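Accompanying notes for the structure given below.
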Amino acid sequence: MNTNDQTKGLSEHSLLRIEQLKARYQNPQSVLLEALWMWQGEHGWISEEGMRYVADLVGVPHHHVLGVVTFYTMFNRKPVGRHKLEVCTNVSCMLRNSERLLDHLEARLQIKTGGTTPDNRFTLVEAECLGSCGSAPVMQVGDRYYENLDTATLDKILDELK
Amino acid sequence: MEPLLLPPIPEYHRIGVYEAHGGYAMLRKALAMNPAEITNEVKASNLRGRGGACFPTGLKWSFMPRESAKPKYLCVNGDESEPGTFKDRQIFECNPHQLIEGTVIACYAMGINAAYLYVRGEYKHWIDLVQQAVNDAYERGYIGRNILGSGFSTEFTIHRGAGAYICGEESSLMNSVEGQRGYPRVKPPFPAQNGLWGCPTTINNVETIANIPVILRLGAGAYSKIGAERHPGPILVGVSGHVNKPGVYEMPTGVPLLEIINTYAGGVPGNKKIKAVIPGGSSTMLLRGDALEGVCMDAESLKAAGSSVGTAGVIVMDEDTDLVKVLWRIARFYHHESCGQCTPCREGTGWMEKILKRFVDNNGTYADINLLRDVANNIEGNTICALGDAAAWPVQSMIRTFRAEFECRVRE
């Protein structure tokens, strides 16, 4: 996982899953997003090589994959740290002081929003509404949501994310 | 009203518990009915879509051709990306089987053999929960081939998005299911004629679909008497912002906004006054805090108040809120999420964000207020999809109802 070795293809498991999923759609091109998710899951980010590999796998032109990857914000187009911290700053989180969380993270990690720590442990980004407004402010790290945050809980979470 | 969408039953998300409380009985009932009868029942219930447009669900279903040489499809919209909206997530987490049951009933009613549940990419955790429920339902024969021996078959596939607000727009959602960029399509043709892969398609919101088993259980007559007359049924209201108990609350439609804020959500911290309320997610028109009396959470009441029910995502802002900053943040969101197809939206949303930033920095001018209004007016109605309108409405309503907020930020 997250090997960042972009020359290796997808795992056997993922390839099998892709073939199964293709049968679920009238046009196999539909599995493109899922194939990109798998690539990102196994490689951490989606490189030029990754896009070409997925294009061949799904059977679409390379430029189509490029168009899709650049359209959806969750696809990483460059390497990210082991933990990508995505802090929601949209209205409901903003009303509950998400800006302070972002400031706190920038100060603690000594990076600007959008940056990655030199030890490659954290990447910090600002997220649009994560659909968790009732437990604002919220941060997503990988597949996990951290809710009702304040700076003290944030510090504890960061300590645990090795 | 007993909770119909989110019953407070422990472990209700498990198939065994759901079945023990009468789950999937409505699917059995539906499979014994004539499909057209089900659509008529949904029509008679007066259920209106819970995804924001409040379109009558039964009417939408009736647009689907009965006979079709091409396959027909159902897309269930769980993109849930409207700021202030977090209700479908509760269904995924607490009541996934009612969503599945409703989906299969809808497929049967419209003669559909494949359903796609589109869920925003960020909700990976909830996708896994629903996938587990789907697997269990397949195992018990509620989805798949020859469902419960009826001869009817339908597949259920979860399609994960990857971070794009626009994919909640139905035609954009279909493009995303097709493995493309989420560009909205020009309508007409409408999805019921020309949807997914050019085939007849219906798109319904997650909460809408979760209402279907309820309608069959209570009967259209009883269902239509719940809540507001012209927009009946249970509704999931998400309350966020400056309230003591933010969260998702199930209630009949037609509950006064002030009751939602003060009783359900425990009022405003520090007993502060309410400055403004966004009643239905960030694209609905802002209401003044001093004009909430008598305004209720249903389509007609909110329309009369100059706003709309949207996705029932209520964002409460207390008297200390910097509304100009809130509006700038909303404008930034729409600028970020504009897909870029239509010039008025692509350029206009960025322009509005820039002008609003000037006010945030106390650097606006009186001319900027008019310019902002002009840009908003030139986006509204001039784009393929409603994102442009959604970006324009908060700006227009804010200038109309809170002009002083801008004027006090004009540079000396």
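Side notes on the structure shown:
- Along principal axes, Cα extents of the stretch B:134-186, largest first, whole Å: 40, 22, 15
- Summed residue charge, Cβ within 10 Å of A:His43's Cβ, Lys/Arg positive, Asp/Glu negative: -2
- DSSP beta bridges fully contained in the protein assembly as shown are about 45 percent antiparallel.
- For the stretch A:1-51, the extents of the C-alpha atoms along the principal axes are 33, 20, 13 Å, listed from largest to smallest.
- Rounded to 10°, Cα long-axis angle of helix B:387-401 versus longest principal axis of chain B: 40 degrees
- Under 5 Å from the amide H of B:Ile158 lie the amide H atoms of B:Leu117, each residue being 5 or more positions distant or on a separate chain, with H modelled from the backbone and absent for Pro and chain starts.
- Listed residue (A:Ser47, A:Gly59, A:Gln26) projecting farthest to the positive dipole end of the stretch A:12-71, Cβ model: A:Gln26
- Across every direction, the projection of the convex hull enclosing the Cα atoms of the stretch B:230-318 has a mean area of 4.7 nm².
- From phi via Karplus (6.51, -1.76, 1.60), per-residue ³J(HN,Hα) for the stretch B:351-367 in Hz, x at Gly/Pro: 5, 4, 4, 5, 4, 5, 5, 4, 5, 4, 8, 6, 10, x, 10, 4, 5
- Spacing of the two label points (7 Å from each Cα toward its C-beta) at B:Glu155 and A:Leu161, in nm: 3.7 nm
- Taking the centroid of alpha carbons for each part, the stretch A:43-89 and the stretch B:141-164 are 28 Å apart.
- Per-residue packing, averaged as other Cβ atoms within 10 Å, sorts the ranges A:127-137, A:41-51 into the order A:127-137, A:41-51, beginning with the highest.
- Selected from B:Lys187, B:Lys43, B:Lys60 as most flexible by GNM, with chain B as the system and alpha-carbon contacts under 10 Å: B:Lys187
- Here the stretch B:285-346 and the stretch B:69-87 have alpha carbon centers that stand 21 Å from each other.
- Net lengthening on full extension, B:Asn382/B:Glu300 (0.36 nm per residue, minus Cα-Cα): 27.0 nm
- MRE, 222 nm, helices only [DSSP H, n ≥ 4, -39500 (n - 2.57), over chain B, to nearest 500]: -11500 deg cm²/dmol
- The mean number of Cβ atoms from other chains found within 10 Å of a Cβ in peptide B:173-179 is 5, as a whole number.
- For A:Phe122, the residues whose amide H sits under 5 Å from its own are A:Arg82, A:His83, A:Thr117, ignoring neighbours fewer than 5 places away on the same chain, with H placed 1.01 Å from N.
- Working from Cα pairs under 8 Å separated by at least six residues, relative contact order for chain B is 16 percent.
- Positive contributions from Lys and Arg (+1) and negative ones from Asp and Glu (-1), summed over other residues with Cβ under 11 Å from the Cβ of B:Gly49, come out at +1.
- A Cβ-based charge dipole, computed about the Cα centre of the stretch B:1-143 with Lys and Arg at +1 and Asp and Glu at -1, lands at about 480 debye.
- Antiparallel beta bridges, as assigned by DSSP with both residues in chain B, represent about 45 percent of the total such bridges.
- The alpha carbons of chain A occupy a box of 47, 33, 26 Å along the principal axes, longest dimension given first.
- Computed over the protein assembly as shown, Kirkwood Rh from alpha-carbon pairs, angstrom: 24.4 Å
- Cα-centred dipole magnitude for the stretch A:83-160, charges only on beta-carbon of K, R (+1) and D, E (-1), debye, nearest 20: 40 debye
- Overall form of the stretch B:15-224 per C-alpha gyration tensor (a/c, 1.5; a/b vs b/c): rounded
- For the stretch B:231-327, the set of GluC sites (Glu not before Pro) satisfying both a DSSP loop assignment and a count of at most 11 other C-beta atoms within 10 Å is given as B:Glu293.
- When peptides B:115-124, B:365-374, B:334-343, B:211-220 are ranked by their average number of other Cβ atoms within 10 Å per residue, the highest-first order is B:115-124, B:211-220, B:334-343, B:365-374.
- Over 25 Å apart at the Cα level, from the set B:Lys60/B:Lys245; A:Lys22/B:Lys29; A:Lys78/A:Lys112; B:Lys29/B:Lys225, are B:Lys60/B:Lys245; A:Lys22/B:Lys29.
- B:Arg89, A:Arg24 arranged by Cβ crowding within 10 Å, fewest neighbours leading: A:Arg24, B:Arg89
- Virtual spin-label span in nm between A:Lys8 and B:Asp374, 7 Å along Cα→Cβ: 5.9 nm
- Structure-based [θ]222 nm, chain A - -39500 (n - 2.57) summed over DSSP H runs of at least 4, per residue, nearest 500: -12500 deg cm²/dmol
- Rounded to the nearest 20, the size of the Cβ-charge dipole of chain A about its Cα centre is 120 debye, with Lys and Arg at +1 and Asp and Glu at -1.
- Taking Lys and Arg as +1 and Asp and Glu as -1, the other residues whose beta-carbon sits under 11 Å from that of B:Arg358 total +1.
- Equivalent-ellipsoid semi-axes of chain B, from the Cα gyration tensor, Å, largest first: 38, 24, 18
Bear in mind these aren't lab numbers, they're just calculated from the coordinates by the rules spelled out. Values in this document were obtained by computation on a predicted structure and should not be read as measured data. Virtual Cβ from ideal backbone geometry, glycine too; neighbours counted across all protein chains shown.
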